[in-house]
Amino acid sequence: MTDVNQPPPSVAPPALLQVEQLQQYFTLGGGLLKKGRTLYAVDGVSFSLAPGKTLGLVGESGCGKSTLARALLKLQEPTGGRIVFDGQDITAYSPRQMRPLRQQMQLVFQDPQESLNSRHTVETILQEPFVIHGRGTRAERKVWTTELLARVGLPASALGRYPHEFSGGQRQRIGIARAMALKPKLLVCDEAVSALDVSVQSQILNLLLSLQQEHQLALLFIAHDLSVVKHISDDIAVMYLGRIIELAPADELYHHPRHPYTQALLAAIPRPNPRQRFAPAMLIGEPPSPANPPSGCHFRTRCPYAGELCAKQPPRLNSEGLVNKEHHVACHYHQQIAEGSRLPKSAADYDNIASLSSSS
């Protein structure tokens, strides 16, 4: 018999955004008689994002984070894969079909100085989304823009001013206000705080969290700083050379990183206590070119634990052998590394890795 006083089991909200094996390739060079090289900017990325949740996406510069954002927003046509937004498969949508959906998915750029038209006043900038989508009368748009400024902590007197008259943090608030004008369901923040001072970063992050709570926003927060991502994210995906190599709840990732690359990123975070000693992860060299990625595991040429299997077979992103089944990692040897039964290689061993790479 069911206990009527027993609270109903919690049900996870359905995903607002579902990305499956997304690919974004580009052709470099070539011509009429010569075939160009393929650059694998995004190579089979999958994840989901529910309303009111934040997915942090981190990785080194050039790993494909911004390209992934543009592809899933259909600002450029993806090469392959599937994108489902709010129950609609938008993968093959034309620009005309995407137009109504633009109101529901917005982008906050890294540099507000470049993304805001310097010849337009703040009022014109904030009214533009309403004008493009035919929302409201001139008087209504005036009221709405004033409310938007108040929501991001700026006075109504800012409406008649130009972007260059504001500080970097204030300009980013204007960019967020413009993105929030049509009350979107998905907000993609592409390095939205990386160009700001630390004190201003916290203000912008708190603003985003407040807007998310108020509007049940789904946030995709792209950054290269893991310490910033921790503050805002429910889940974190680590990206390397076009692939997601680890995906886990934020606390789980920070306390139990399983991929050697994630461990290296976390080891590089500055410690506030100068007396605290820590052993930096063994990570050498620069990331390979996405136009000529290594066979098998893309990270193997820099990995202290790489073996022959890593050169022959790309690891799948899965939760096998992990206690937390929401934690996924793409590494053949993550269990042995965690148990300490697989030892890091010496610097000389990287010569063997390089020879494997050249012969693949």
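Some observations on this one:
- Within the set E77, E20, E60, the sole residue that is surrounded by 14 or more Cβ atoms within 10 Å (Cβ to Cβ) and assigned to a loop (DSSP other than H, G, I, E, B) turns out to be E60.
- Of all residues in the range 69-107, those that are touching a residue at least 24 places away in the same chain (Cβ under 8 Å), within 20 Å of Y40 (Cβ to Cβ) and of a type in the set (S, T, N, Q) total 2.
- Criterion violated by L309 - all others in (1) modelled with pLDDT of 90 or more; (2) surrounded by fewer than 20 Cβ atoms within 10 Å (Cβ to Cβ); (3) out of contact with any Gly (no Cβ under 8 Å at 6 or more places or on another chain) satisfied: (3)
- Identity of the residue in the range 72-131, under 24 Å from Y25 (Cα atoms), polar (S, T, N, Q) and under 21 Å from the mean Cα position of the chain (by Cα), that ends up modelled with the lowest pLDDT: Q110
- Of note, I284 satisfies the criterion of being in a loop (DSSP other than H, G, I, E, B) and either modelled with pLDDT under 90 or within 30 Å of F109 (Cβ to Cβ) (or both).
- Residue selected from the range 139-170 under the condition free of Cβ contacts under 8 Å to residues at least 60 places away in the same chain and charged (D, E, K, R), by the criterion surrounded by the most Cβ atoms within 10 Å (Cβ to Cβ): R141
- Sole exception among (1) closer than 25 Å to P260 by Cα; (2) touching a Cys at 6+ places or on another chain (Cβ under 8 Å) for V108, by number: (1)
- Inter-residue pairs, beta-carbon under 7 Å, first surrounded by 15 or more Cβ atoms within 10 Å (Cβ to Cβ) and in the range 126-138, second modelled with pLDDT under 90, 6+ apart: F130/G136
- Residue match in the range 179-188 (condition: in contact with a strand residue (DSSP E or B) (Cβ under 7 Å, 6 or more places away or on another chain), among the charged types (D, E, K, R), at pLDDT 90 or above and assigned to a loop (DSSP other than H, G, I, E, B)): yes
- Matching residues, the range 182-205, being surrounded by fewer than 23 Cβ atoms within 10 Å (Cβ to Cβ) and closer than 19 Å to P100 by Cα: L182, K183, P184, K185, L186
- In summary, E246 fulfils each of the numbered conditions (1) assigned to a helix (DSSP H, G or I); (2) touching a Lys or Arg at 6+ places or on another chain (Cβ under 7 Å) with the single exception of condition (1).
- Taken over the range 206-226, the criterion of being touching a Pro at 6+ places or on another chain (Cβ under 6 Å) and surrounded by fewer than 22 Cβ atoms within 10 Å (Cβ to Cβ) is satisfied by Q216 alone.
- Of all the numbered requirements in (1) surrounded by 18 or more Cβ atoms within 10 Å (Cβ to Cβ); (2) over 21 Å from A223 (Cβ atoms); (3) modelled with pLDDT of 90 or more, H259 misses one, and that requirement is (2).
- Annotation: of all residues in the range 202-243 being assigned to a helix (DSSP H, G or I) and closer than 29 Å to A291 by Cα, the one that is nearest to the chain's Cα centre (by Cα) is V229.
- Number of residues in the range 80-112 that are touching a helix residue (DSSP H, G or I) at 6+ places or on another chain (Cβ under 6 Å) and in a helix (DSSP H, G or I): the value is 1.
The values are calculated or read from the model by the stated rules, or taken from the named source; none is laboratory data. Keep in mind it's a predicted model, so treat the numbers as computed, not measured. Cβ coordinates were reconstructed from backbone atoms using ideal geometry, including for glycine residues, and neighbour counts include every protein chain displayed.
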